[in-house]
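Some notes on the structure that comes next.
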Amino acid sequence: MKEIFEILEQNARATPEQISTMVDKPVSAVKKIIKQAEKDGTILKYKAIINWPKLEKEDIWALIEVRVTPQRGVGFDAIAERIYQFPEVYSAYLVSGTYDLSILVRGKNMQEISSFVAEKLAPLEQVQSSVTHFLLKRYKEYGETFHLPKETNRRLPITP
Amino acid sequence: MLNTKSPATEARDNLISQKVATLPPSGIRKFFDLLSSVEDVISLSIGEPDFVTPWHIREAGIYSLEKGYTMYTSNSGMPELRQELASYLELHYGVSYHPEHEILITTGSSEGLDLVLRAIINPGDEVIIPNPCYVAYPADIILAGGVPIIVPTNEETNFVIRATDIEARITKQTKAILIGYPANPTGAVMSKKEADAIADLAKKHDLLVISDEIYARLVYGVEHICFPSLPGMKKRTILISGFSKSHAMTGWRIGYVAADHRFIQALTKIHQYTMLCAPTMTQMAAIEALRNGENDVEKMVQEYNRRRRFMVKRLNEIGLPCFEPKGAFFAFPSIKATRMNSEDFAEKLLLEEKVAVVPGLAFGPCGEGFVRCCYATSLPNIEEALRRMDRFVRKSRLRSE
């Protein structure tokens, strides 16, 4: 079953028919597993990884380290939820180390991100401090590299 | 104007040895030239992994250069590598070799095969091989002064050489049986029962078995039978293998031979006069492959398996029946229904649909009627290639009606 998800993780457009052949299971069984996974949230969504710089329309991204005060009873979860519900927040993680939350923020320009930090994030009562790192270049995301040529043909056309 | 002479003239003039002048060129070579002239081809004719060597292995190679490991190693190969190999063979196949006396590191398994044949063959000795088989087997036997004795295999025997067929060809001159399973070009694997029968035969007739197990790690749903691990066979088996297929390291040229010390001693003698040692950088990378490469192997095997199932199913659907290959990364479908011979099929398919497969005839007379399709290429490539082959087969059926 895990194999089906591994295939979909690599290629969300793999059809149940293709997957069925690859894992040697009936199409109906594969369809059922996928349907169930979509229902119970094992599969959250099907998305494309876009190489935005290629379109020269790149948004501004920033990685923000946030130090927060955990709250009795709910730990970091309540403040994390306060933060990640902002649509500017693309991803959010609780991390170990010198800060607590690591969030990735997306904005149309630098102004948008700085006002998010100044007006939304920093004023929150539990937020002690934040450090903003603007993304300069993307090398690899979700296991995919952006800058290596995709399929370079290094092999001879025929070998024994 | 030396190069304008025909092979026969050259042989007569004694410029080129008769053995080499009369050696037929590889059937693959012929196809290579044609292939190079066509653009945008989807190639199913490549016999090597499409994966690049895993990064940590490449990094180990780079590190060795950085640190200046640029000198010769011991003739037999770096002691650490031989030690790792001994543990690896013990762990995977339960066969134990002494790292000092029973393992030789070679420049690819191809060198290993050449060394073995040169070390054991006296002029006129016969070596029994299956057919179809890897292109180098008969050629290397001839170059070593031996005589290749062909045992036909076919769909009926699942392309595995049978002990009874071998026995029928044993003569006073028979020296060894050379087998390679999982097999190139067919993808066939040998079962325990079939291997046992050959082992019994080797004991009965006091023959050597040379077992080329370069594809050992690429098996799907079956266990690889490591020939020297069969009872009583370690002392009469010479095991040849390498890292090319298991760890996607073809261009590094690194392999090994494991056998009784008498053989390794003889092989090392030739090796030290001809190759000295395998490249140092490559040996360092191989150590890393053995120490930390198991996950890579498993991942690649899983990926090959998905493609294999896909390709075999599609080949059968489009009317090119294909027995189930359980090893290596080849499918070997029959093209007899198209009423073309394998060379015509491959040539027409290339010119009309820009898909390259290798004619079965390149692997010996028993390969006629089949083509080799390699699934070590991306799934979208396989899909598109099979779509084109489907169209080609349907067209040719119309033409022949």
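The values are calculated or read from the model by the stated rules, or taken from the named source; none is laboratory data. Not measured: the values here are computed from a predicted model. We place every Cβ from the backbone using ideal geometry, glycine too, and count neighbours over all the protein chains shown.
Got a sec? Which of A:Val66, A:Val23 is aliphatic (A, V, I, L, M) and either within 14 Å of chain B (Cβ to nearest Cβ) or closer than 30 Å to B:Gln302 by Cα (or both)? Lay out the reasoning, then the answer.
Details: A:Val66 fails: either within 14 Å of chain B (Cβ to nearest Cβ) or closer than 30 Å to B:Gln302 by Cα (or both).
Residue meeting the stated conditions: A:Val23.
I need the helices (runs of 4 or more DSSP H) fully contained in the stretch B:119-206, keeping only those with at least 2 residues that are more than 20 Å from the chain's Cα centre (by Cα) and either aliphatic (A, V, I, L, M) or more than 27 Å from B:Leu218 (Cβ to Cβ) (or both). Break it down stepwise before answering.
Numbers: elements: B:136-143, B:163-167, B:192-204.
Hits in the stretch B:119-206: B:163-167, B:192-204.
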Q: State whether the residues of the stretch B:171-186 include one that is over 25 Å from B:Arg262 (Cβ atoms), among the hydroxyl-bearing types (Ser, Thr, Tyr) and touching a strand residue (DSSP E or B) at 6+ places or on another chain (Cβ under 6 Å).
A: no
Q: Return yes or no: is B:Arg291 of a type in the set (Lys, Arg), buried (at least 17 other Cβ atoms within 10 Å of the Cβ) and part of a helix (DSSP H, G or I)?
A: no
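Looking at the stretch A:94-110, which of its residues are over 19 Å from A:Asp77 (Cβ atoms) and assigned to a loop (DSSP other than H, G, I, E, B)?
Initially, the stretch A:94-110 is screened for residues over 19 Å from A:Asp77 (Cβ atoms), giving A:98, A:105-110.
Correct list: A:Thr98, A:Lys108, A:Asn109.
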Q: Take the stretch B:341-375 and flag every residue that is assigned to a helix (DSSP H, G or I) and either among the aromatic types (Phe, Trp, Tyr) or buried (at least 24 other Cβ atoms within 10 Å of the Cβ) (or both).
A: B:Ser342, B:Phe345, B:Ala346, B:Leu349, B:Gly360, B:Ala362, B:Phe363, B:Gly367
Q) Taking the stretch A:95-131 on its own, how many of its residues are free of Cβ contacts under 8 Å to residues at least 24 places away in the same chain, more than 15 Å from A:Ile83 (Cβ to Cβ) and within 20 Å of the chain's Cα centre (by Cα)? A) 1
**Q.** Pairs, first surrounded by 13 or more Cβ atoms within 10 Å (Cβ to Cβ) in the stretch A:23-37, second at pLDDT 95 or above and part of a loop (DSSP other than H, G, I, E, B), C-beta under 6 Å, six or more apart
**A.** A:Ala37/A:Ile43
Q. How about the stretch B:129-172: which of its residues are closer than 25 Å to B:Ser17 by Cβ, crowded, with 17+ Cβ neighbours inside 10 Å and more than 14 Å from chain A (Cβ to nearest Cβ)?
A. B:Ile129, B:Ile141, B:Ile142, B:Leu143, B:Ala144, B:Gly146, B:Val147, B:Pro148, B:Ile149, B:Ile150
Q) With respect to the numbered conditions (1) touching a Leu at 6+ places or on another chain (Cβ under 9 Å); (2) assigned by TED's automatic domain parsing to the domain that holds B:Arg388, which one is the sole condition not fulfilled by B:Glu324? A) (1)
